[in-house]
Amino acid sequence: MRTPLVLLALTLAWSFGHALAQAETPTPGGTAIVVLGSDPEHLNAAISTGYPIGAVGASLYSALVYLDRDGVPRGELAESWTVSDDDLVYTFTLRSATFHDGTPVTSADVVFTMIDVLAPNHGRFLNAYRNIASITAPDDATVVIELTQPYAPLINLLTVFEAPILPKHVFEGTDPLTNPANDAPIGSGPFRFVEWVRGERVTLERFDDYFLDNALLDRLIYRVVPQDAARSVALEVGEADVVWGFYMPPADLDRLDANPNIEVWKGLTIPSLYFVFVNTDNPALADARVRQALMFAIDREQIVEQAQGGLGEVAGGPFGAGFAYAYDEATDYRTIYPFDPERARELLAEAGVGDLTLTFVYDSARGAFAAAAEIMRDNLRQVGITLNVQPVERSVMVERVYGRDYDLSMQSFTSSGDPAIGYHRIYLSAERGANFVNATGYANAEVDELLNAAAGLADRDARAAAYADVMAILAQDVPTLPIFDELSTQAAAANLRGLLVRFDQRDGLEFAWLAR
Amino acid sequence: MSAGRGTKALGAYALERLVNAVPLVLGVIVVNFLLISLAPGDPVTALIGEFPAPPEYVERVRAQYGLDQSVPERLVRYLGSVVRGDLGFSFANRQPVLNLVTERLGRTLLLMLTTVVLATFVGVVLGVWAARRPNSAVDGGATGFALAGYSIPEFWLGQILILVFAVWLGWLPAGGFRSIRAEYVGLDAVWDQARHMILPVLALSFRYMAITTRLTRASLLEVMNADYILAARARGLSERRVLWEHGLRAAALPIITVIGYNFSFIVAGSALVETVFGWPGVGRLMYDSIFTRDYPVLLGILLLVSITVILVNLVTDIAYALADPRVRY
């Protein structure tokens, strides 16, 4: 059952932060150390989509909206907004807020940041910008975004990870890529910048004039710990307080869980789907029966248990478990494709395929991919397919996969709060060679039409109907083999209370406090 | 030959070596540049991140960093800027490479030089000790240590040291190059940094201690059978003076050679150790730059490392001359 799992996970997310917090009164003060896996290249989250920059940026900057624990958009800098009846004009009313240097945040800052900094430099925001006709500021507290066509994911692309707001007076007339404020940032978020020692740490302190409730911690230090095993150790010996989900080696979780000084949390916040791309350039794989045979042949349950350490759930559809409205129980992949090597052999025989050898390409830095590759090699051998496993470095993987020089490739995608942002591009027909779009060569005019329609529908029920149709088609065509939905993890010092992970990856550290 | 003339000759030799190093450094740059350019993987992909960027955006980023030019064009441009002392601009960090590298080179050199000094000191002492009593228990222990040291990879040893001394015993910090929770000043800051250095230096120096121990022992055993040692003993010199003044001075030549040789390997080892211990030096920067295909940073680090290795080898040769009166330049 999908929905109960999501609810359970979100409830866990909620209870981690709040069950503890309810028992005690939050007290201000203290320092928390948060682990980053690599050094941020700079600290301007408006010109980069890199994770470490975004993670620090989430505490430094504000955006028009944020997504709450249930993925519902709420106002941040925007006190409220209205959408015109034709879904084309979004009008935002701003709160009174100030930047860390004391100047007020106005609609001019929002318009300048979006047009002059984000649109040319932030790739994900650019996807929204291509649907935007104009962004204007009729007065200091109003921002109007006019679209060229209805585009449902717009609101999700206005959060702090996608569209942090910069001070216009600092950036106007400069090259945003080399502005000195990229290394000493000025935002309007709950924490302000203090110091950055490259390769070691970024230190922030509470901003006392924050426009929402002030943060409780005095200081927040983002510390760089490059090696994954060293991150768990830093937590165990008290040299760090928080390690976010994907920086955590799954193998360490049981050990950390047994430690009374550490609180380990598992749940589903940012939906992340793991699947296998199938290159339809390969004549054998161009036959849908062969792709269906792969679905029957791969033991997805075994992959979840052994490659992912149980931190996942076998995928039920092509859009992951994160979006209830993009899932139709009638075409659940787990029902249609149980693990059945016999059925796989029948389908391969029907398709006239024997002695098939396939190249399996993946990013060598991803431990779960390596383990999954070994399981798949074993699974596919049972049905007479030889898997030639090729781990390559990430940048080489990108060239190989999007240049369609592969047969099968394991990938994981997230979708930033809306399936249209991350998942549509996997199935929409696309030009060969463009990165991070459809790499399977799958092209289906009906799917294109349904997905494009879904992206323009603000009404969730209408979208759900379109997704149900797409899901039914993809369940038969299987251009990708959905393997599992990932469960997020997080480990933190037990005395750090009130933590919560929001749906939009904003870390919510402004709510955290130290119990003494 | 007077001492003055000897020093002058040594000076001329050093100068000649430095001049000869110029084409070597240029060669290093060209080879590194070509190797990196030939490697698969596109820096623009790494820069942009994981989303479908429109082709015009990709082309703009490519042009912004001069990556739209051919390899020979880029090589000529790069050589031109290196001659002017400009190591280029980091794609990923949006910073001049020189700032980025010099900021961290000091921290790496601190780790490396401490390692060289410790490895040499411990290695020589253990080697001498073992050579004085060949085939004794001490000798067996030193030989066993040398074998173990030579076989254990740095990154594995680093993790074991962290487990034992930071996690189990809690005596030393697990990583970083200073405390983050507390800020120290003056002597306390020095002590804090020293505590953070102990484990990475041990992890990095173990192998070189082992090599030096073995070499000192073998070299000294050979020298101690020489005629002039017999003569020194016959003149009634104490065994201590025979060993340290006559024996070790002659046995030192291969040891000095190996220090210079080790240095270039310590550079490689430091990249691993810096990653295991989260030590913010150039090794880590190099590791990150490989994944982001940040060519200017990689080239800058390789260039500075090559220069350092060339300089260390020069110093080794000079030390050679000072240790052995037979060596003339």
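Let's see how each residue does on (1) surrounded by fewer than 21 Cβ atoms within 10 Å (Cβ to Cβ); (2) within 23 Å of the chain's Cα centre (by Cα):
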position	(1), (2)
A:381	yes, no
A:406	no, no
A:416	no, yes
A:442	no, no
A:461	yes, no
A:471	no, yes
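Close Cβ contacts (under 7 Å, 6 or more residues apart or on different chains) running from residues in the range A:309-331 that are farther than 16 Å from residue A:480 by Cβ to residues that are at pLDDT 90 or above and assigned to a strand (DSSP E or B) comprise A:312/A:484; A:312/A:485; A:313/A:484; A:313/A:485.
Restricting attention to the range B:197-214, does a residue exist that is among the charged types (D, E, K, R) and either loosely packed, with under 15 Cβ neighbours inside 10 Å or within 14 Å of another protein chain (Cβ to nearest Cβ) (or both)? Scanning the range B:197-214, I find no residue that is among the charged types (D, E, K, R) and either loosely packed, with under 15 Cβ neighbours inside 10 Å or within 14 Å of another protein chain (Cβ to nearest Cβ) (or both), so the answer is no. Per the listing A:96, A:38, A:80, the residue uniquely within 14 Å of chain B (Cβ to nearest Cβ), in contact with a strand residue (DSSP E or B) (Cβ under 8 Å, 6 or more places away or on another chain) and surrounded by fewer than 21 Cβ atoms within 10 Å (Cβ to Cβ) is A:38. Scanning the range A:102-124 for residues that are out of contact with any Phe, Trp or Tyr (no Cβ under 7 Å at 6 or more places or on another chain), more than 22 Å from residue A:210 (Cβ to Cβ) and touching a residue at least 60 places away in the same chain (Cβ under 8 Å) yields A:116, A:121, A:122.
Count of the range B:265-303 residues, restricted to those that are part of a loop (DSSP other than H, G, I, E, B) and of a type in the set (Val, Ile, Thr), is 1.
Pairing residues of the range B:92-103 that are within 7 Å of chain A (Cβ to nearest Cβ) and under 13 Å from residue B:304 (Cβ atoms) with residues that are crowded, with 16+ Cβ neighbours inside 10 Å and not aromatic (Phe, Trp, Tyr), at Cβ distances under 8 Å and at least 6 apart in sequence or on separate chains, gives B:103/A:198.
Residues of the range A:155-181 that are surrounded by fewer than 24 Cβ atoms within 10 Å (Cβ to Cβ), within 13 Å of another protein chain (Cβ to nearest Cβ) and in contact (Cβ under 8 Å) with a residue 40 or more places away in the chain: A:176, A:177, A:179, A:181.
Every condition in (1) surrounded by 15 or more Cβ atoms within 10 Å (Cβ to Cβ); (2) within 14 Å of chain A (Cβ to nearest Cβ); (3) among the aliphatic types (A, V, I, L, M) is met by residue B:182 except one, and the failing one is (1). Scanning the range B:262-275 for residues that are modelled with pLDDT of 90 or more and either within 8 Å of the chain's Cα centre (by Cα) or among the aliphatic types (A, V, I, L, M) (or both) yields one hit, B:273.
Residues of the range A:48-71 that are in a loop (DSSP other than H, G, I, E, B) and either modelled with pLDDT of 95 or more or crowded, with 24+ Cβ neighbours inside 10 Å (or both): A:48, A:61, A:62, A:63, A:64. Among residues of the range B:286-297 that are within 8 Å of chain A (Cβ to nearest Cβ), those with a Cβ under 8 angstrom from a residue that is of a type in the set (Asp, Glu) and part of a helix (DSSP H, G or I), sequence gap 6+ or separate chain, pair up as B:287/B:274. Taking every residue in the range A:221-248 that is at the interface with chain B (Cβ under 7 Å from one of its Cβ atoms) and in contact (Cβ under 8 Å) with a residue 24 or more places away in the chain and pairing it with any residue that is of a type in the set (Gly, Ala, Ser) and assigned to a helix (DSSP H, G or I), at least 6 positions away or on another chain, the pairs with Cβ-Cβ distances below 8 Å are A:223/A:234; A:225/A:234. The residues on offer are A:412, A:416, and the sole one that is within 14 Å of chain B (Cβ to nearest Cβ), in a loop (DSSP other than H, G, I, E, B) and touching a residue at least 40 places away in the same chain (Cβ under 8 Å) is A:416. Among the residues of the range B:289-319, those that are buried (at least 21 other Cβ atoms within 10 Å of the Cβ) and closer than 20 Å to residue B:43 by Cα comprise B:289, B:292, B:293, B:294, B:295, B:296, B:297, B:298, B:299, B:300, B:301. In the range B:31-58, of all residues being loosely packed, with under 13 Cβ neighbours inside 10 Å and modelled with pLDDT of 80 or more, the one that is nearest to the other protein chains (Cβ to nearest Cβ) corresponds to B:38.
Close Cβ contacts (under 6 Å, 6 or more residues apart or on different chains) running from residues in the range A:376-404 that are more than 9 Å from chain B (Cβ to nearest Cβ) and within 26 Å of residue A:304 (Cβ to Cβ) to residues that are of a type in the set (A, V, I, L, M) and part of a loop (DSSP other than H, G, I, E, B) comprise A:376/A:298; A:379/A:298; A:401/A:439. Apart from one condition, residue B:177 fits all of (1) outside any helix (DSSP H, G or I); (2) over 19 Å from the mean Cα position of the chain (by Cα); (3) crowded, with 22+ Cβ neighbours inside 10 Å; the exception is (2).
What do you reckon, is residue A:120 within 24 Å of the chain's Cα centre (by Cα), surrounded by fewer than 22 Cβ atoms within 10 Å (Cβ to Cβ) and not in a strand (DSSP E or B)? Considered against the rule, which asks whether it is within 24 Å of the chain's Cα centre (by Cα), surrounded by fewer than 22 Cβ atoms within 10 Å (Cβ to Cβ) and not in a strand (DSSP E or B), residue A:120 comes out as yes. The single residue among A:113, A:91, A:136 that is at pLDDT 95 or above and assigned to a helix (DSSP H, G or I) turns out to be A:113.
Taken together, the criteria place residue B:322 among residues that are surrounded by fewer than 24 Cβ atoms within 10 Å (Cβ to Cβ), assigned to a helix (DSSP H, G or I) and at negative phi.
Tallying residues that are closer than 30 Å to residue B:244 by Cβ and either within 14 Å of another protein chain (Cβ to nearest Cβ) or touching a Gly at 6+ places or on another chain (Cβ under 8 Å) (or both) within the range B:131-179 yields 1.
The values are calculated or read from the model by the stated rules, or taken from the named source; none is laboratory data. None of the values given here were measured: they were computed from a predicted structure. Methodologically, a virtual Cβ is constructed for each residue, glycine included, from the backbone with ideal geometry; neighbour enumeration extends over all protein chains shown.
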